[in-house]
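**Student:** Supplied in structure tokens, the structure appears directly below.
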Amino acid sequence: MASAVAELPIKSAIFDGEAVVEDGGGIADFAALQEAIKAGRNGAITFYLFDLLHLSGHDVKPLPLFQRKEILERVVSAGAPGGPLRYSAHFASRGDELLQHVCRLGGEGIVSKQTDKP
């Protein structure tokens, strides 16, 4: 994971994201993540990045989330295709609707932020 971040064309960054191991249906499985860590199977772990807080010496937290995500998407897309880093797209819907959808899919949680706020 660290080597994938080191290969990005940036000096430094602070990301907000989540390390996951996905089940066969593409849903994050916390128990599988614990097992992968214990077994040293780092290749099974994917890091989903959903926010960017600091980039190459610049505090980007004052920017609205949608602008930080635009920058984040460009940074992540510059990484190696098929690597462990993934840009986590956002969904333009109400939080309660998204939570219900995630529950129906068997997901373990969501991160919800207002797109127009720092």
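What follows is calculated from the coordinates using simple rules that are stated; it is not laboratory data. The structure presented is a predicted model; accordingly, all values stated were derived computationally and were not measured. As a convention, Cβ positions derive from the backbone with ideal geometry for all residues, glycine included, and neighbour counts pool all protein chains shown.
**Student:** What single numbered condition from (1) on the phi < 0 side of the Ramachandran plot; (2) free of Cβ contacts under 8 Å to residues at least 12 places away in the same chain; (3) small (Gly, Ala, Ser) fails to hold for Gly40?
**Tutor:** Gly40 satisfies every listed condition except (1).
**Student:** Only one of Gly17, Gly43, Gly24, Gly82 is touching an Asp or Glu at 6+ places or on another chain (Cβ under 8 Å) and of a type outside the set (Phe, Trp, Tyr); which? Spell out the reasoning first.
**Tutor:** On the way: Gly43 fails: touching an Asp or Glu at 6+ places or on another chain (Cβ under 8 Å); Gly24 fails: touching an Asp or Glu at 6+ places or on another chain (Cβ under 8 Å); Gly82 fails: touching an Asp or Glu at 6+ places or on another chain (Cβ under 8 Å).
Within the list Gly17, Gly43, Gly24, Gly82, the selection yields Gly17.
**Student:** For region 32-72, give me each residue that is part of a strand (DSSP E or B) and either closer than 16 Å to Arg86 by Cα or within 16 Å of the chain's Cα centre (by Cα) (or both).
**Tutor:** Thr46, Phe47, Tyr48, Leu49, Phe50, Asp51, Leu52, Leu53, His54, Leu55 - these are the residues of region 32-72 that are part of a strand (DSSP E or B) and either closer than 16 Å to Arg86 by Cα or within 16 Å of the chain's Cα centre (by Cα) (or both).
**Student:** Then there is this: Kindly check whether there is at least one residue in region 73-90 that is part of a strand (DSSP E or B), touching a residue at least 60 places away in the same chain (Cβ under 8 Å) and not aromatic (Phe, Trp, Tyr). Working first, answer last.
**Tutor:** From region 73-90, those part of a strand (DSSP E or B) are 85-87; that's our starting set.
Adding the requirement that they be touching a residue at least 60 places away in the same chain (Cβ under 8 Å) leaves 85.
Next, from what is left, pick out any that are not aromatic (Phe, Trp, Tyr): 85.
Looking for residues that are part of a strand (DSSP E or B), touching a residue at least 60 places away in the same chain (Cβ under 8 Å) and not aromatic (Phe, Trp, Tyr), one finds at least one in region 73-90, hence yes.
**Student:** Go through region 36-71 and report how many residues are aromatic (Phe, Trp, Tyr) and more than 18 Å from Ser12 (Cα to Cα). Spell out the reasoning first.
**Tutor:** Start the filter on region 36-71 by keeping residues that are aromatic (Phe, Trp, Tyr), which leaves 47-48, 50, 66.
Next cut, more than 18 Å from Ser12 (Cα to Cα) only: 66.
Here the count works out to 1.
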